[in-house]
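Worksheet for the structure shown next.
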Amino acid sequence: MAITYTIQPKCDSLEAGLIPAGFTSGDILLSPFLEVQVRFVSSICFLAALTFPLQSAFAQNSPDKFQNVAPYAAAGGAPQQSVPPNYTPAAPVTYVSTLGSPYVPVDSWIYPALTRLQGLGYVDTAFLGLRPWTRLSILHMLQQTADKIEGDTNNDEAREIYLAVLHEVSPGIQNNYGERAAHAEVESIYSQFRGISGTPLRDSYHLGQSIVNDYGRPYQEGFNNYTGFSAHSEAGRFALYFRGEYQHAPSATGYSPALYQYLSLNIDGVPLTTPNLDQATIPLGPIASVNTFRVQEATLSYNILNHSISFGKTDHWWGPGQGGAFAFTNNAENIYAFQIDRTEPLRIPLLSRLTGPFRYDFFIGSLKGHTYPNSPWIHGEKLSFKPTENLEFGFERTAIWGGKGHGCLNSVTGNIDPCTEPITLHTFLKSFFSVQNVTGSEKFSRNDPGARFGTFDFSYRLPYLRKWLTLYSDSLVHDDVSPISAPRRAGIRPGIYLSHFPGLDHLDLRVEAVSTDPVSNSTAQGQFLYYETVQRQGYTNKGSIMGDWIGRQAKGGQAWLTYHLSPKEQIQFSYRNAKASVLQTNKANPYLLHGFLPGGTTQNDYQFGVVKRVLKDIELNGWVQYEQWKAPLYKSGSQSDTTAAFQITWYPKENKIF
């Protein structure tokens, strides 16, 4: 039997809760949050995630009024094996619009599962171009789509996905030990063993990467290991998430001094003077082995008026694609940032009749690994709309500004002298509101608005094939307001997703293409998209591109054929291609060069992977990748490398109530 629910306003009319039928808002009012003491220090954040020293004085509601309404999603319940043909999923009843909720990392199985569910014609309120999502916002997405799943027939695949995700996000929000109790949970403990034979590529800013979208983890030929854990805590409006891991990578030969000098001087235009003698964007050899503990994510957030106000290291994936996004992905290590994120769709009377509901996100933080200039800052803003349940589109803007050694124009000598553009409210506002080209004197001054990039993306479930085909695209420009206003200067990443094949509900196909070599800027020699005349180490953090792995002035594509054993298990074959453009003389003008690198680069990757769950809480994930690549600037002839990886993950779901 389906569970009905009504929407009742809380004492604050801007915050609404979902209340089970038969109850009143008086049954669920919270007493004031008396005291919260938080000290956020990244080095001890993992201890806080387990202990969460927050003092809370919430009134406890009667447990028998708020038992979990979704029996398959009960904490500690049985895993989802099969769904009875006539089973009707119950909408999860929640009243937690004021409660804090941690983000789900973008490498979680939940995102491909929900993307697939949307491709099947459901979860119409999900914003694919604006991830990550909080556990609570995912629960609300399921809430909104429950009736649609119930009303359809022959949708066992969708029901199974729905129940699996509901089972994952419900514990900790709806459980048997009390709605309002502050608690912490050890989410996962994992270890990945990765062996590489042959020389891999690890230079996203120039020659390419053998392993992409991996949080900038170190890897080299030989044995690599990443062992870590994740945990999260919630108390009232506060939420804390932590994931950290020990990382090991062997030593490597790296680039020769001659190649390092060519890339720095001729490609990037960075002089080889102090402090540019060791640049994170160029792997100069010899490369020392890595043995370190790294904080992958560490975020303290506060939920108010359906906004998550947070500080720490948080994932960002701002685009609808699976293989990449121009604005932000997990290709590089996350940065420490302050963030304001509208976690729930916002509807404004009259305006939303035209635009539909929308979401927005803003963050600001500092970049690491830059020396020219040193330690610049970055801010990003994204606004996404859903005018219909089948169409989503969004606009994004990023600016990198400031830093020591920025360079200022000397009005007397005409030279560019070293100077520092300070990180102040004035320079931030200058960067935030600047939308047009600036003069050279302003560019090389303390008022430089920075390196400005903009993206536009959309996703659309095609007419007559709403449950089958989704078309989507992402695009990027530099020093233009939007790719819509300058399509010939834009990079592009189109894609199409087939959610299932006729008679094969468990099989799906996704194909994406990508280019950062726009028609009107073929002579840029790599100094356009992801590059800037002042911020010459560009769109990187600790040496890795924060956006699309395709890098500068290159073309490529990806394809995935996936057979889903269950929402959490799969067998997948994928292919990836990348080609950096060849630097050569322009036929029409022999004095003009176009392209990027001498001889260009070519990569072809073939990967096969299997994900399997055993003993309910144990995940086994193994994959093998064979790569062929050519980079004449680095090594002559055709090269190859093989990577084999195996990861075991335990999901203990151990809760501690405070």
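The values are calculated or read from the model by the stated rules, or taken from the named source; none is laboratory data. All figures in this text were calculated on a predicted structure; none of them were measured in a lab. Using ideal geometry, Cβ is built from the backbone for each residue, glycine included, and neighbour counts are taken over all protein chains shown. Ligands, DNA and RNA are excluded from the accessible area calculation, which covers all protein heavy atoms including side chains. Shrake-Rupley method; radii C 1.70, N 1.55, O 1.52, S 1.80 Å.
Shown is the FRET efficiency for residue 420 and residue 355, computed with R0 = 45 Å from the Cβ-Cβ distance and rounded to the nearest 0.05: 0.60. Annotation for segment 307-388: trypsin sites (Lys or Arg not before Pro) lying in DSSP loop with at most 14 further Cβ atoms inside 10 Å of their Cβ are 347. Applying 1/(1 + (r/R0)^6) with r as the Cβ-Cβ distance of residue 348 and residue 488 and R0 = 30 angstrom yields a FRET efficiency of 0.30. Counting only other residues whose beta carbon sits under 9 Å from that of residue 401, what net charge do I get with K and R as +1, D and E as -1? Local charge sum for residue 401: 0. Computed from the C-beta positions of residue 620 and residue 501, the FRET efficiency with R₀ = 25 Å rounds to 0.45.
Can you tell me how much longer the chain between residue 520 and residue 193 gets when fully stretched, taken as 0.36 nm per residue apart minus their C-alpha distance, in nm with one decimal?
113.3 nm
What ranking of 532, 381, 654 comes out by heavy-atom accessible area, probe 1.4 Å, highest first?
Correct descending sequence by accessible area is 654, 381, 532.
Test of the criteria: in segment 455-493, which chymotrypsin sites (Phe, Trp or Tyr not before Pro) are in a DSSP loop and have at most 11 other Cβ atoms within 10 angstrom of their Cβ? Answer by residue number: 464. Judged by the mean number of other Cβ atoms found within 10 Å, the most tightly packed of the peptides 98-108, 290-300, 266-276 leads the ranking 98-108, 290-300, 266-276. Annotation for residue 435 and residue 604: the two label points, set 7 Å from Cα along the Cα-Cβ direction, are 4.6 nm apart.
The protection proxy used here, the mean number of other Cβ atoms lying within 10 Å of each residue, ranks peptides 111-119, 583-591, 502-510 as follows, highest first: 111-119, 502-510, 583-591. Among the listed pairs 382/430; 368/635; 404/443; 313/616; 587/635, a Cα-Cα separation exceeding 22 Å is found for 368/635; 313/616; 587/635. In summary, the lysines within cross-link reach of residue 148, defined as a Cα separation below 24 angstrom excluding same-chain residues under 8 places away, comprise 386, 467, 568.
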